[in-house]
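Asks: Here it is: the structure, laid out below.
A short reminder: the numbers here are calculations on the coordinates, not readings from a lab. Remember, it's a predicted structure, so these values are computed and weren't measured experimentally. For neighbour counting, all protein chains shown are included, and Cβ atoms are generated from backbone atoms with ideal geometry for every residue, glycine included.
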Amino acid sequence: MRRFLSTTLATLVIAQTMFAATTTDNNSSAKTQGREPSHMNSVLLPNRSPLVSFRLLFMTGAASDPKGKEGVAALTASMLAQGGTRTMTYEQILNAFYPMAVSFNSQVDKEMTVFSGTTHVENLTRYYELISQMLLDPGFREDDFKRLKSDAINFLKVSLREANDEELGKEYLYNIIYNNHPYAHHNVGTLSSLERLTLDDVRDFYKRNYTQSNLVIGLAGGYPSSFQPQIMADFAKLPLGEASKTKFAAPKVDEGMRVEIIKRDTRSTAVSLGFPLSVNRAHKDWPALAVVASYFGQHRSSNSYLYQRIREARGLNYGNYSYIEYFPRGMFQFEPDPNLGRQQQIFQIWIRPVTPENGHFVLRAALYEHDKLVRNGMSKEDFEATREFLTKYVNILTATQGAQLGYALDSRYYGIADFNTYMRDQLSKLTLDDVNRAIRQHLKADRMRIVMITKDAEALREALVGGKPSPIVYPPNANKPKEITDEDKIIEAYKINVKADDVVVVPVERVFQ
Amino acid sequence: MRILSLIVVMLCVPLMVLAQQTPTRKAFPYDYKQVDLPNGLRLVTVPTDYPNLVAVYIVVRTGSRNEIEPGKSGYAHFFEHLMFRGSKNFSADERDAILKRAGASSNAYTSDDRTVYHEVFSKEDLDKVMEMEADRFQNLQYTPEQYKTEAGAVRGEYDKNSASPFSKLYETLRATAFKKHTYAHTTMGFIKDIEDMPNQYQYSLDFYNRYYRPEYTTIVITGDVTPERALELTKKYWGNWKRGNYSPRIPAEPAQDAPRSAHVDWATPTLPYIAVAFRAPGFSDVKKDKAALDLLAPIAFGENSELYQRLVLKEQKVDFISPSADDQADPELFTVFARIKDPKDVDYVRDAIIATFKRYTTETVPQDKLDATRSRVRYSFALAMNSSEAIAAALAPYIALRNTPEAMNKVFAIYDQITPADIRAAAQRYFTDNNRTVVTLATKTAGSKEAGN
């Protein structure tokens, strides 16, 4: 599974070596959260580690892109994290980073923009001087703008649209579920709006959104006690502003099932499906649904129902997973990145690519299994095993200082206790009845949206609309057990409830346009 | 977000980060215990201060390098998949149930020289995990039907990767640069061999019998554990494992006698890619050449190299450029990968990369740049080593190559000694025209052409 590492990939692991000699203490006891007199908020996790991690979180993101300026939030963040300051070019910044082996990264989601980096405490002063200048005194230079705008366009046009069917399918699913909603466009923007964006748009977005009121300073590690007041004083240079209070409504999605088939010249068929979910981490049913998503499709794990039925029993593909929170870049990582907090989420099933001859069958299998989940719920045994798994697995999610800080910032956003405590407490109180009620209440699929990516899109559309049986194609002499072949017969004829108007073919050139 | 994060992760472009250490400080700073069982199995235990969790990394010294028979490329990786299909005392379902109860993150990977099975989980589950792992290494069991099903999953893995032009570029680079050695194929294998996997059940049994033996295997345990406890469990569950007697004859790659090139026509729209590679030495913890080239990689082609700053930041002709120079058992490639924004600039970028290789055969790198690189490496290590699992993951390549964490210390001691003249000497030895392979990839057009040299 079981990850395949090419030679080049393998060396990443080699690069993950170490030097730090001394003890580190991940049991930070002196956790504090507070609102400072300067209107800035902070989440602080001091400990004795020789490393200091920053997560500087601005409560703004792609959902704040003005109409017609989609992508300006992401481009602004790139200009800050990968561009020069007023006094230093980006080349000079990279040269200064080099001996310290540090970087400064940005991540933009709908409601959050986070800047993160970690330095050895020996380099804290120099590193902080650089990154604080990058955020507080940006250069907004023409040559950086030209480069980063071109990167954004090529990311959508080439890297995502033409080189990664799985991520393309997942992102496009969000696009169609949130049609006409502030979450509608990809975080990087749309191709047409990016072409039009100007440096003044970036300056304007920065001025309006990078404010003290939108900022939460996240800091973890062995920094000196004098450091936090210094940051607070420095970032008080930002305009005061008003904290973003936008409430994002649930998307308006018509009842029924809709399928969009992206036509692209590709070897295999990728599938993503899902529907809006009215539950986020602040909701009382979130822990119950976390158990369900883990049981049904724990990310990149063989310990999940869908994986067992589609991959392990039938060998149809590489893996099959389910989610209740946005999880970008899932093919490259085992744990999700923090600071992707959203008021609105979707329930999502990710079916990894299958051979085109099994595309119709695997979609039926996913819908059939989801339907069974909603009808039957979880068994007591599965509930207890999954609850035990998650109770321990939270330690892995928060194994590093940077992850602890990220989760702490998210807990602040959702108004819950620190993530490990929250999960342990909630899971210990959870009952099977809670879980099965939550499944019935939140996961019934009366607004399912489906994205498929395949070469012969018209034929697939015809097959979906026609509704004829689509038998699975096994290699010769597969000799499947009767239990599986019997179930195959049910799945191959499983009704996908769509009419001709519900299934459309989308040329790939139109995606993200 | 970083716009290029997807491609960067794919390339993983690790600048073989190497470190300078002061003589008094070892590169691998943790106290560890290394014990050999009479059957040849080695155990390395590294207690850390990170609480609650334990990481178990089982390193098998076989990979796609060992796929010496024609038609069997991709087999080491396929075999890694089979190891999850159940064993005599633990069916696949029972195995999953145990790992689930342990709250484990469990997986495996295969590369050219190694196959690594790894888990991280709560410390109280160590006994059960060790028992279960020992069983699959000694008593793996799968039916011909299960074997065929897993072949379907591997085919699915190839298919999911195939959407990326980079996979094809890399595959073509390997096949062009190597003619005899098994590095000619990627770890994934040739597609024709992947398609034939369902018919090779018997070979899978031979593969297990050859390589899944104690003399090929080392267990690394890091985290909230004592060496005594780790040894006790290793003896208990792995002590009766029988030694094997197989040694593969890996074909040597003959010296390259002319520059090589290849071009891939890509069916769908893409920006052009280029790989410029030179034959380079294999891993050594004794000789200087590989260490010298490791240090040159970030200096010549890293983010603050003159070439990067010219092509990416100033001229903006490429949106990605990065070196790759793995530590491999046998001589490998030192490659620079780039993605070019405008197809008309492919030759320009190729020439600029080749000129940079040439430049360091005559020029010495400035001493201050070398010192900054050593500092970078030193801090890279400190920053990356942020969990018990990260420590085990970092050790795995050295365990595969030399079977001891000391290899890391020895290599870093060599880095300390490297001078600008050593770097130039290594560049002169390896960056010759005859050692060069250039592969390009671009959207197929009426005027598609072979890359020149």
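Asks: Any idea what Rg and Dmax come out to for chain B if you just take the C-alpha atoms, in Å?
Replies: Rg and Dmax of chain B, Cα atoms, are 22.6, 68 Å.
Asks: From other protein chains only, count the Cβ atoms within 10 Å of every residue's Cβ in A:158-171, then give the mean.
Replies: Going residue by residue through A:158-171 and averaging, the value is 5.
Asks: Where nothing but the Cβ of Lys and Arg (+1) and of Asp and Glu (-1) is charged, how large is the charge dipole of the range A:46-133 around its Cα centre, in debye to the nearest 20?
Replies: 100 debye
Asks: Follow-up question, since we're still on this one. Structure shown: which of A:Lys252/A:Lys499; A:Lys110/A:Lys263; A:Lys429/B:Lys100; A:Lys247/A:Lys499; A:Lys149/A:Lys207 lie over 24 Å apart, alpha-carbon to alpha-carbon?
Replies: A:Lys110/A:Lys263; A:Lys247/A:Lys499
Asks: Sticking with this structure for a sec: Under 19 Å from a label point 7 Å along Cα→Cβ of A:Glu458: give me every residue in the range A:245-263 with its amide N that close.
Replies: Counting only backbone N, you get A:260-263.
Asks: Within a 10 angstrom radius of each residue's Cβ in A:145-156, how many Cβ atoms of other chains show up on average? Whole number is fine.
Replies: Other-chain Cβ atoms within 10 Å of each residue's Cβ, averaged: 4.
Asks: Determine ³J(HN,Hα), in whole Hz, for all residues of the range B:247-253 in sequence, where each value follows from phi through the Karplus function 6.51 cos²θ - 1.76 cosθ + 1.60 and θ = phi - 60°; x replaces Gly and Pro.
Replies: These are the phi-based 3J(HN,Hα) values: 10, x, 9, 7, x, 7, 7 Hz.
Asks: In degrees between 0 and 90, to the nearest 10, how far off the longest principal axis of chain A does helix A:72-81 point, with axes built from Cα atoms?
Replies: Taking Cα atoms only, the helix is inclined about 50 degrees.
Asks: Turning to a different aspect of this structure: Find how many whole Å separate the alpha carbon centroid of the range A:174-241 from the alpha carbon centroid of the range B:222-265.
Replies: Between the Cα centre of the range B:222-265 and that of the range A:174-241, the gap is 47 Å.
Asks: Considering Cα pairs under 8 angstrom that are at least six residues apart, work out the relative contact order of chain B and quote it in whole percent.
Replies: Value for chain B: 26 percent.
Asks: If you don't mind, another one. Any chance you could give the angle, 0 to 90 degrees and rounded to 10, that helix A:199-209 forms with the longest Cα principal axis of chain A?
Replies: Taking Cα atoms only, the helix is inclined about 80 degrees.
Asks: Same structure, new question: When you have a sec, figure out the Kirkwood radius of chain A from all distinct Cα pair distances and drop it here in Å to one decimal?
Replies: Result for chain A, one decimal place: 24.4 Å.
Asks: While we're on this one: Quick check on the exposure proxy: order A:Glu111, A:Glu335 from fewest to most C-beta atoms within 10 angstrom.
Replies: Fewest-to-most ranking of A:Glu111, A:Glu335: A:Glu335, A:Glu111.
Asks: Between B:Asp196 and A:Glu384, how high is the FRET efficiency from 1/(1 + (r/R0)^6) when r is the Cβ-Cβ distance and R₀ = 45 Å? Nearest 0.05.
Replies: Efficiency, from the Cβ-Cβ distance: 0.55.
Asks: Taking amide H positions as placed in the peptide plane 1.01 Å from N, state which residues far from A:Ile346 in sequence (5 or more) or on other chains have amide H under 5 Å from it.
Replies: Amide H to amide H, under 5 Å and 5 or more residues apart or across chains, A:Ile346 pairs with A:Leu277, A:Tyr326.
Asks: Also, I was wondering about something else. Using the 2.2 N^0.38 Å rule of thumb for compact globular proteins, work out how the range A:409-513 stacks up: its C-alpha Rg over that value, please.
Replies: Rounded to two decimals, the normalised Rg is 1.66.
Asks: Would you work out the charge dipole size for the range B:316-453 about its Cα centre, treating the Cβ of every Lys and Arg as +1 and the Cβ of every Asp and Glu as -1, and quote it to the nearest 20 debye?
Replies: Its charge dipole is roughly 320 debye.
Asks: Sort B:Tyr379, A:Tyr414 so the one with the fewest other Cβ atoms within 10 Å of its own Cβ comes first.
Replies: A:Tyr414, B:Tyr379
Asks: Using the 10 angstrom Cβ neighbour count as an exposure proxy, how do B:Lys369, B:Lys179 rank, fewest first?
Replies: B:Lys179, B:Lys369
Asks: Additional query: Give the separation of the Cα centroids, the range A:296-365 to the range B:386-430, in Å.
Replies: 37 Å
Asks: Using amide H atoms built 1.01 Å from N in the peptide plane, name the residues 5+ places from B:Val225, or on other chains, whose amide H lies under 5 Å from its own.
Replies: Hits under the 5 Å cutoff: B:Thr48.
Asks: Going by alpha carbons, how many degrees (0 to 90, nearest 10) lie between the helix axis of A:124-136 and the longest principal axis of chain A?
Replies: Once rounded, the angle reads 70 degrees.
Asks: If packing is taken as the mean number of other Cβ atoms within 10 Å per residue, what is the order of A:367-375, B:63-71, highest first?
Replies: The packing order, highest mean first, is B:63-71, A:367-375.
Asks: Whole-Hz Karplus ³J(HN,Hα) for the range A:369-381, in order, using 6.51 cos²θ - 1.76 cosθ + 1.60 and θ = phi - 60°, x for Gly and Pro?
Replies: Result, rounded to whole Hz: 5, 5, 4, 4, 4, 5, 6, 9, x, 9, 7, 4, 5.
Asks: Could I ask something else about it? Given the DSSP H assignment, sum -39500 (n - 2.57) over each helix run of at least 4 residues in chain B and divide by its residue total; what's the result at 222 nm in deg cm²/dmol, nearest 500?
Replies: -13000 deg cm²/dmol
Asks: Measure off 7 Å from each Cα along the Cα-to-Cβ vector at B:Asn209 and B:Glu363, then give the distance between these two points in nanometres to one decimal.
Replies: For the pair B:Asn209/B:Glu363, the computed spacing is 5.8 nm.
Asks: Which number comes out as Rg/Rh for the protein assembly as shown once both Rg and the Kirkwood Rh are worked out on C-alpha atoms?
Replies: We get a ratio of 0.93 for the protein assembly as shown.
Asks: A further question follows. Amide H to amide H under 5 Å from A:Leu215: which residues, 5+ apart in sequence or cross-chain, H placed 1.01 Å off N in plane?
Replies: It is A:Asn41, A:Met59, by chain and number.
Asks: List, largest first, the extents of the alpha carbons of the range B:321-453 along their principal axes, each in whole Å.
Replies: Computed over the range B:321-453, the largest-to-smallest principal extents equal 54, 35, 27 Å.
Asks: Which lysines does B:Lys288 reach when only Cα atoms under 18 Å apart count, and residues fewer than 8 places away in its own chain are ignored?
Replies: Reachable lysines: B:Lys410.
Asks: How far apart, in nm, are the 7 Å Cα→Cβ label points at A:Gln230 and A:Ser244?
Replies: Label-label distance for A:Gln230 and A:Ser244, simple model: 3.0 nm.
Asks: Okay, moving on. Compute the distance in nm between two label points, each set 7 Å from the Cα along the Cα-to-Cβ direction, one at B:Tyr348 and one at B:Asn139.
Replies: Modelled inter-label distance: 6.6 nm.
Asks: Among B:Asn245, B:Ala372, B:Ala27, flag the residue with its Cα farthest along the positive direction of the charge dipole of the protein assembly as shown, charges on Cβ as +1 for Lys/Arg and -1 for Asp/Glu.
Replies: B:Ala372
Asks: Place a +1 charge on the Cβ of each Lys and Arg in the protein assembly as shown and a -1 charge on the Cβ of each Asp and Glu, then give the dipole magnitude about the Cα centre in debye, rounded to the nearest 20.
Replies: In total the dipole reaches around 240 debye.
Asks: Of A:His186, A:Ala74, A:Phe155, whose Cα points farthest to the positive end of the dipole of chain A (charges on the beta-carbon: +1 Lys, Arg; -1 Asp, Glu; origin at the Cα centre)?
Replies: With unit charges placed on the Cβ atoms, the residue in question is A:His186.
Asks: If each DSSP helix of 4+ residues adds -39,500 (n - 2.57) and the sum is divided by the residues in chain A, what number results at 222 nm, nearest 500 deg cm²/dmol?
Replies: Roughly -12000 deg cm²/dmol at 222 nm, from the helical runs in chain A.
Asks: Report the gain in length on full extension from A:Thr87 to A:Asp137: 0.36 nm times residue separation, minus Cα-Cα distance, nm rounded to one decimal.
Replies: Between A:Thr87 and A:Asp137, full extension yields an extra 17.2 nm.
Asks: Report the Stokes-Einstein translational diffusion coefficient (µm² s⁻¹, integer) for the range A:37-122, Rh taken as the Kirkwood radius over Cα pairs, at 25 °C with viscosity 0.890 mPa s.
Replies: The Stokes-Einstein estimate is 167 µm²/s.
Asks: So what are the ³J(HN,Hα) numbers for the range B:92-109, from phi and the Karplus equation (6.51, -1.76, 1.60; θ = phi - 60°), rounded to whole Hz, Gly and Pro as x?
Replies: 4, 5, 5, 4, 4, 5, 5, 5, 5, 4, 7, x, 7, 9, 9, 6, 7, 8
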